[in-house]
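Asker: Questions regarding the structure given below will be posed in turn.
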Amino acid sequence: AEIHALNHRLRRAVAETHHRVKNNLQVVAAMIEMQVLDYQRKESVPLHELQRLLSHVHTLSLVHDLLTVSPRTEETGRVSTRAMVDKLLSLLQRTAGKQSVHYSAEEIALSSKQCLALALVLNELVTNALKHGKDEGEVALWVENSRVNLTVSDDGAGFPQGFDVTQHANTGLELVENLVATDLLGTVEYSNPPEGGGRVLVTFPRPREED
């Protein structure tokens with residue numbers, strides 16, 4: 001009976017790993033397709049866009065590693081957002097040069113699909129914050145009224161007057177919009193707070209225990 005139970009757990013683990021790898025490859029394929037559509041007329045992709053794509057692949061690898069080694073995932077099907085934020089922002093901080101990233105993150109249990117989408121969104125928004133900011137970026141992740149909230153702020157010039165994501169979005173923000181709408185069923189807001197800089201707010205429903 002014990003061997004049978006172990007075999008069942010092994011088969012389930014292999015199936016879950018296969019499913020996650022397949023999903024990750026589909027995400028990579030979708031990101032490459034977005035690049036092709038954006039630059040097919042020029043027949044070349046700028047180096048910084050390839051570097052952005054590479055950063056997302058590293059993020060996928062990080063989250064996949066987190067899903068693989070986390071015993072909690074095997075038991076509950078949920079993933080620790082705090083562990084993901086810790087690992088991802090530590091990785092981004094190492095490439096930020098003299099800029100610093102401050103963050104606070106509540107412990108929120110998400111599905112592997114949600115955690116992956118959130119990690120890609122966070123990677124893109126923090127990368128943008130470091131690109132357009134001067135000295136530091138700030139990240140906050142918390143739950144309020146059954147909704148998960150993520151803010152990413154920088155101390156740069158902020159969004160241009162009349163900013164419209166449908167008109168001014170680059171490939172990275174298009175990815176953010178698609179992931180938030182499709183995988184997180186949430187919304188994205190862009191603003192310039194009174195203290196200066198730019199801020200992006202992502203909000204989506206917190207999953208129920210039975211989901």
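Asker: Taking the Cβ of Glu138 as the centre, find all other residues whose Cβ is under 12 Å away and add up their charges (Lys, Arg: +1; Asp, Glu: -1).
Answerer: After counting each charged neighbour, the total is -4.
Asker: Per residue of region 187-200, in order, report the coupling 6.51 cos²θ - 1.76 cosθ + 1.60 (Karplus, θ = phi - 60°) as ³J(HN,Hα) in whole Hz, putting x for Gly and Pro.
Answerer: 9, 10, 10, 10, 8, 10, x, x, 6, x, x, x, 9, 10
Asker: Still on this structure, please answer the following. Enumerate the amide H contacts of Gly186 below 5 Å, restricted to partners 5 or more residues apart or on another chain; note that Pro and chain-start residues carry no placed amide H.
Answerer: Those qualifying (amide H under 5 Å, at least 5 residues apart or on another chain) are Ala181.
Asker: Here is a follow-up. Check which residues have an amide H placed less than 5 Å from Ile108's amide H, if you skip close sequence neighbours.
Answerer: For Ile108, whose amide H was placed from the backbone, the distant partners under 5 Å are Thr81, Arg82.
Asker: Amide H to amide H under 5 Å from Val148: which residues, 5+ apart in sequence or cross-chain, H placed 1.01 Å off N in plane?
Answerer: Phe204, Arg206
Asker: Please list, by residue number, every one of the GluC sites (Glu not before Pro) in region 87-163 that is coil in DSSP and has at most 13 other beta-carbon atoms within 10 Å. Please list the in-between numbers first.
Answerer: Details: sites: Glu106, Glu107, Glu124, Glu136, Glu138, Glu144; in loops: Glu106, Glu107.
Those satisfying the criteria are Glu107.
Asker: State, to one decimal in nm, how far the label point of Glu195 lies from the label point of Glu107, with both points 7 Å from Cα in the Cβ direction.
Answerer: In this crude spin-label approximation the distance works out to 2.8 nm.
Asker: Mind checking which lysines have their C-alpha under 25 Å from Lys87, skipping anything on the same chain fewer than 8 residues away?
Answerer: Once the sequence-local lysines are set aside, what remains near Lys87 is Lys22, Lys98, Lys113, Lys131, Lys134.
Asker: I'd like the accessible area for Val202: 1.4 Å probe, protein heavy atoms, all chains in place, Å² to the nearest 10.
Answerer: Its heavy atoms expose roughly 0 Å² to the probe.
Asker: Another question about this same structure. Can you give me the distance in nm between label points at Asp86 and Ala1, each placed 7 Å from the Cα along the Cα-to-Cβ direction?
Answerer: Reported label-point gap for Asp86 and Ala1 is 3.7 nm.
The values are calculated or read from the model by the stated rules, or taken from the named source; none is laboratory data. The structure displayed is predicted, hence computed values, not measured ones. Methodologically, a virtual Cβ is constructed for each residue, glycine included, from the backbone with ideal geometry; neighbour enumeration extends over all protein chains shown. Heavy atoms of the whole protein, side chains included, go into the accessibility calculation; ligands, DNA and RNA do not. Shrake-Rupley method; radii C 1.70, N 1.55, O 1.52, S 1.80 Å.
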